[in-house]
Structure formats: C-alpha cells, structure tokens
Amino acid sequence: MSSGDFCPRCGDPVPAREEPLPGEPRERDAVLCDDCYFEDFDLVDAPERIEVRVCSQCGAVHQGNRWVDVGARDYTDVAVEQVTEALGVHLKAEDVRWGVEPEQVDENTIRMHCTFAGVVRNTYREEQVTVPVLISRQTCDRCGRIAGGYYASIVQVRAEDRTPSGEEESRAVEIAEAYIAEREATGDRNAFISEIEEKDDGTDIKISTNQMGAGIAKRIIRELGGGVEEYPTLVTEDSDGNEVYRVTYAVRLPKFTPGDVIEPADEDPVLVRSVRGNLKGVLLTTGEPYEASFEDGETPDARRLGTVEDAEKTTVVAIEDEYAVQVLDPETYESKTIARPSYVDSGAEMVPVLKSRAGLHVLPGDAVETDGST
C-alpha cells in the first residue's frame, strides 16, 4: 500500500512508513524506496586492513595505548578480536548474526573472512567482507628497557663482617625472581630484573622500579635476617620537573648464620638456630634456649668459635651426673669431663662435639640439620 509519496531518486511509489516520535527527526533516507535505499547500503563498515603490533621478544600485543601480555602461541585469536572490534554494523540492522573465518596466508598475514547477516526494513541482508591482518613485529617498551639495561633501583646483598654464603646469595636471587614473577602475574609490565651481578663481597640485583626494589629487600631480610638501609641518588627530572631518584637498598645480612657456634660476651657458647628478628639458639652447656636481648638485636657482641660442620663424633665414656658427661677428646683421645646439656640422653654412646679455643662442647644430635627455620 502506497503512502502517497514517491521516491525522489527513481519516482516509484514509497510504501507507508512508521512516523518518528514527536521531536525526533525523520531519517534522511527514509523517503527512498527499498531498491534505492539498498543501492548505497552497507551492512558492515570494515577497514581496508588491520595491523597488529606484536613484540618479537616477549609476544605482548599493543592494544589501545599500551602493551598487553596475551599469552598466545599464535595470534589468530588476537586478530579475530581486533577485527571484531574494528567492524561496524549498521545501526538499523536487527537480529544481527556474524561469523569470522581466519585464513593464515603466511607467518605475518591473516585474512579474516567475515560474514554478517541482519534484517533491515524487514528485509534479510547478508554481506561478506575480507579484512587482511598484518602482524607487525616490534619491540615493546618493557623489552626495550631490558635490552637497554634500564633499572631504577639496586638491591645489594651483603653481610656484616663477612661475605654472604653461596646459599644466601642464591636464595636472595630466588626471592627477587619470585617477587617479580608475582608482579608479572598480576599484569604489571613494569616488573623486571635487568641484571644480576656477582661481586667479590656479595650480589647486586638491578630492579625496574624503586618500589619493587624496596619490596624485594624487605622479603630478603624477612627470610634471611639482617637489616636494610636506603641510599637515594638524584639521576634526572621528569617532564613535569619532578626529581627522579635511583635508590640503592643495602641489605646487610647478620654477622652470624644458623649453624654457627658463638660465644657471646660473659655467656656460655651458643649454637645459633635462627637469625630472623633477633638471634636465637641453644646454650651448649645446659641445652636451654638462648635469645639475644632487644638491645643486642640480631648480632650480639660475640666471637665465632666454629660451625656445626666442624663437629666430630666421639665416644661417651660415662654419664657422671645430671650436669657432667665424660667423652673422648677427638684429637688427643684423652678422657675429658665437660658440661652435659639436657639434650644428651643418659643412654648415649656417641655424641657430636666441637673443639674450639673455648673448650670442648657437645652439640645437639640434629645440629647438622639446622636450617634456620626454627
């Protein structure tokens, strides 16, 4: 049924159409007949091609104004997503359905064959478009910084009056790597270690930000003991005129480590069990627990007598009483009476002993298994 109007382009009668709501403008092309309307109609607005920027080092994809880790083995899904976002469907289309079929042309080119269907003016319309997707290999900001040796902080792992052990240095690096991995898992692309450098007196770990350097230093002393001091250095100013500092976090591991046998001033020898928080151990004369006072902190005034690795097994000659035991000196084989700590069982036949300038002392049987976790 005609509305009484005629198509201004071809002159054919135009069917009656629903009037717009009051205040709404009539669509400009509403006066056209269907043939003329669909003559210039595009169901889908598609770009001629799409470029997907991919980091050749880490595989991140540039989306919007930032690089994003997508964890993709290939970039077909990424291409599908970006093509889907770039395609525009006509606002007048209803009951829209679509599908995308990728065609891998070569390593860096994917053809996206897109099919769209919908209803416009009560007429079923279908269109097919092909959008080439070019995979552009570049270097992301993060990989560029790593390649350039960029860092904002240094965590220096040292020890008081000694060189850190290989185990301590390895563990400090493991703590740093685990911390960075946690930050990376949250999507933080500013998290990276740019260099690990072994020095004569310890290890330097160069970190991407000051905040992460501080976090790593705190974790190291939380597990290995000791303390940390900060030394900021002004390196430049940013675009807003703010001062930019590079911070060195000087980690100082404790003077003593679990497994050391020490002689605190005016006290009996102690086997060090832990240096977390403050020094804890066991008195070798009585077997009672020892803990450095708050004032002494982690490193009380003491001298090192040896370590559990210096201990030797020797024969128990006799248990004299609750406080004394007779053992053979492992060097001279003389029978000597020494203090009997509570951990020496009355039926013991062999015990580990440490001989030092302070004398001969029985160590706990599990001393060689000390790991500092107690």
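The values are calculated or read from the model by the stated rules, or taken from the named source; none is laboratory data. Computed from a predicted structure; not experimentally measured. When we count neighbours, we look across all protein chains shown, and the Cβ atoms used for this are built from the backbone with ideal geometry, even at glycine. When the accessible area is computed, the model is the full protein with side chains, heavy atoms only, and any ligands, DNA or RNA have been set aside. Shrake-Rupley method; radii C 1.70, N 1.55, O 1.52, S 1.80 Å.
For the stretch 1-45: of the residues being in contact with a helix residue (DSSP H, G or I) (Cβ under 7 Å, 6 or more places away or on another chain) and modelled with pLDDT of 70 or more, which is most open to solvent (accessible area, probe 1.4 Å)? Give the derivation first.
Taking the stretch 1-45 first, the residues in contact with a helix residue (DSSP H, G or I) (Cβ under 7 Å, 6 or more places away or on another chain) are 5, 7-10, 14, 17, 29, 37.
From what is left, the residues that are modelled with pLDDT of 70 or more are 5, 7-10, 14, 37.
Details: ASP5: 94, CYS7: 5, PRO8: 98, ARG9: 119, CYS10: 64, VAL14: 7, TYR37: 17 Å².
Result: ARG9.
Check GLN138 against each of (1) in contact with a strand residue (DSSP E or B) (Cβ under 6 Å, 6 or more places away or on another chain); (2) within 14 Å of THR203 (Cα to Cα) and name the one condition it does not meet.
For GLN138, the exception is condition (2).
Among the numbered criteria (1) under 34 Å from the mean Cα position of the chain (by Cα); (2) modelled with pLDDT of 75 or more; (3) outside any helix (DSSP H, G or I), which one does VAL105 miss?
Of (1) under 34 Å from the mean Cα position of the chain (by Cα); (2) modelled with pLDDT of 75 or more; (3) outside any helix (DSSP H, G or I), only one is false for VAL105: (1).
Keeping to the stretch 42-57, report how many residues are over 23 Å from TYR124 (Cα atoms) and among the aliphatic types (A, V, I, L, M). Walk me through it before giving the result.
Within the stretch 42-57, the subset over 23 Å from TYR124 (Cα atoms) is 47-57.
Of the ones still in play, those that are also among the aliphatic types (A, V, I, L, M) are 50, 52, 54.
Residues in the stretch 42-57 being over 23 Å from TYR124 (Cα atoms) and among the aliphatic types (A, V, I, L, M): 3 in total.
Please work out if ALA358 is modelled with pLDDT under 90, open to solvent by less than 30 Å² (accessible area, probe 1.4 Å) and either aliphatic (A, V, I, L, M) or on the phi > 0 side of the Ramachandran plot (or both).
Values: modelled with pLDDT under 90: yes; open to solvent by less than 30 Å² (accessible area, probe 1.4 Å): no; either aliphatic (A, V, I, L, M) or on the phi > 0 side of the Ramachandran plot (or both): yes.
For ALA358, the condition - modelled with pLDDT under 90, open to solvent by less than 30 Å² (accessible area, probe 1.4 Å) and either aliphatic (A, V, I, L, M) or on the phi > 0 side of the Ramachandran plot (or both) - is not met.
Filter the stretch 305-322 for residues that are touching a Ser or Thr at 6+ places or on another chain (Cβ under 9 Å) and within 30 Å of SER165 (Cβ to Cβ) and give the result.
The answer is LEU305, GLY306, THR307, VAL308, ASP310.
Checking the structure you have, find out if any residue of the stretch 78-85 is within 29 Å of ARG137 (Cβ to Cβ) and assigned to a loop (DSSP other than H, G, I, E, B).
At the first step, the residues of the stretch 78-85 found to be within 29 Å of ARG137 (Cβ to Cβ) are 78-85.
Then keep just the ones that are assigned to a loop (DSSP other than H, G, I, E, B); that gives none.
Checking the stretch 78-85: not a single residue is within 29 Å of ARG137 (Cβ to Cβ) and assigned to a loop (DSSP other than H, G, I, E, B).
What pairs come up if the first residue lies in the stretch 132-153 and is closer than 28 Å to VAL78 by Cα and open to solvent by less than 40 Å² (accessible area, probe 1.4 Å), the second is assigned to a helix (DSSP H, G or I) and of a type in the set (Val, Ile, Thr), and their beta carbons are under 7 Å apart, counting only those six or more places apart or on different chains?
Listed pairs, sorted by first residue: VAL133/VAL83.
In this structure, does GLU94 turn out to be modelled with pLDDT under 80, more than 30 Å from GLY59 (Cβ to Cβ) and acidic (Asp, Glu)?
Working: modelled with pLDDT under 80: yes; more than 30 Å from GLY59 (Cβ to Cβ): yes; acidic (Asp, Glu): yes.
Yes; evaluated as a whole, the condition is true for this residue.
Can you go through ARG303, ARG273 and tell me which one is touching a residue at least 60 places away in the same chain (Cβ under 8 Å), among the basic types (Lys, Arg) and in a strand (DSSP E or B)? Please lay out each step first, then the result.
On the way: ARG303 fails: touching a residue at least 60 places away in the same chain (Cβ under 8 Å).
Checking each option against the conditions leaves just ARG273.
Hey, any hits in the stretch 100-109 for a residue that's acidic (Asp, Glu), touching a residue at least 40 places away in the same chain (Cβ under 8 Å), out of contact with any Leu (no Cβ under 7 Å at 6 or more places or on another chain) and open to solvent by 60 Å² or more (accessible area, probe 1.4 Å)?
Taking the stretch 100-109 first, the residues acidic (Asp, Glu) are 101, 103, 106-107.
If we keep only those that are touching a residue at least 40 places away in the same chain (Cβ under 8 Å) too, we end up with none.
The answer is no; no qualifying residue exists.
For ALA324, which of the numbered conditions (1) open to solvent by 30 Å² or more (accessible area, probe 1.4 Å); (2) of a type in the set (Gly, Ala, Ser); (3) more than 42 Å from the chain's Cα centre (by Cα) fails to hold?
(1)
Provide a single number: the residues in the stretch 86-121 that are closer than 22 Å to PRO15 by Cα and touching a helix residue (DSSP H, G or I) at 6+ places or on another chain (Cβ under 9 Å).
The total comes to 2.
Suppose we keep only residues that are open to solvent by less than 60 Å² (accessible area, probe 1.4 Å) and in a loop (DSSP other than H, G, I, E, B) within the stretch 239-266. Which one would you say is modelled with the lowest pLDDT? Don't jump to the end; show me each part of the working.
Kept after step one, since they are open to solvent by less than 60 Å² (accessible area, probe 1.4 Å), are these residues of the stretch 239-266: 241, 244, 247-251, 253-265.
From what is left, the residues that are in a loop (DSSP other than H, G, I, E, B) are 241, 254-259, 265.
On the way: GLY241: 72, PRO254: 90, LYS255: 90, PHE256: 91, THR257: 89, PRO258: 90, GLY259: 92, ALA265: 84.
Among those that are open to solvent by less than 60 Å² (accessible area, probe 1.4 Å) and in a loop (DSSP other than H, G, I, E, B), it is GLY241.
Does GLY287 fit the bill of being part of a strand (DSSP E or B) and either closer than 30 Å to GLY227 by Cα or touching a residue at least 40 places away in the same chain (Cβ under 8 Å) (or both)? I'd like the intermediate steps shown before the answer.
Values: part of a strand (DSSP E or B): no; either closer than 30 Å to GLY227 by Cα or touching a residue at least 40 places away in the same chain (Cβ under 8 Å) (or both): yes.
Against the criterion (part of a strand (DSSP E or B) and either closer than 30 Å to GLY227 by Cα or touching a residue at least 40 places away in the same chain (Cβ under 8 Å) (or both)), GLY287 does not qualify.
Which of the residues that make up the stretch 110-124 are open to solvent by 70 Å² or more (accessible area, probe 1.4 Å), touching a residue at least 12 places away in the same chain (Cβ under 8 Å) and either over 22 Å from GLU48 (Cβ atoms) or in contact with a Phe, Trp or Tyr (Cβ under 6 Å, 6 or more places away or on another chain) (or both)? If you could, list the steps in order and put the result at the bottom.
Of the stretch 110-124, the ones open to solvent by 70 Å² or more (accessible area, probe 1.4 Å) are 111, 122, 124.
Within this subset, residues satisfying the condition of being touching a residue at least 12 places away in the same chain (Cβ under 8 Å) are 111.
Answer for the stretch 110-124, where residues must be open to solvent by 70 Å² or more (accessible area, probe 1.4 Å), touching a residue at least 12 places away in the same chain (Cβ under 8 Å) and either over 22 Å from GLU48 (Cβ atoms) or in contact with a Phe, Trp or Tyr (Cβ under 6 Å, 6 or more places away or on another chain) (or both): there is none.
Can you say whether VAL317 is open to solvent by less than 60 Å² (accessible area, probe 1.4 Å) and among the hydrophobic types (A, V, I, L, M, F, W, C), as far as the supplied structure shows?
no
Determine whether the stretch 203-225 contains at least one residue that is among the hydrophobic types (A, V, I, L, M, F, W, C), modelled with pLDDT under 95, surrounded by 16 or more Cβ atoms within 10 Å (Cβ to Cβ) and under 14 Å from the mean Cα position of the chain (by Cα). Before you say what the answer is, go through the steps one by one.
Within the stretch 203-225, the subset among the hydrophobic types (A, V, I, L, M, F, W, C) is 205, 207, 212, 214, 216-217, 220-221, 224.
From the residues that got through so far, the ones that are modelled with pLDDT under 95 too are 221, 224.
In the following step, the residues that additionally are surrounded by 16 or more Cβ atoms within 10 Å (Cβ to Cβ) were identified as 221, 224.
Cutting the leftovers down to under 14 Å from the mean Cα position of the chain (by Cα) gives us none.
No - not one qualifying residue is present in the stretch 203-225.
If SER165 meets every condition in (1) more than 18 Å from ASP45 (Cβ to Cβ); (2) in contact with a Pro (Cβ under 9 Å, 6 or more places away or on another chain) apart from one, which number is that one?
So the condition that SER165 fails would be (2).
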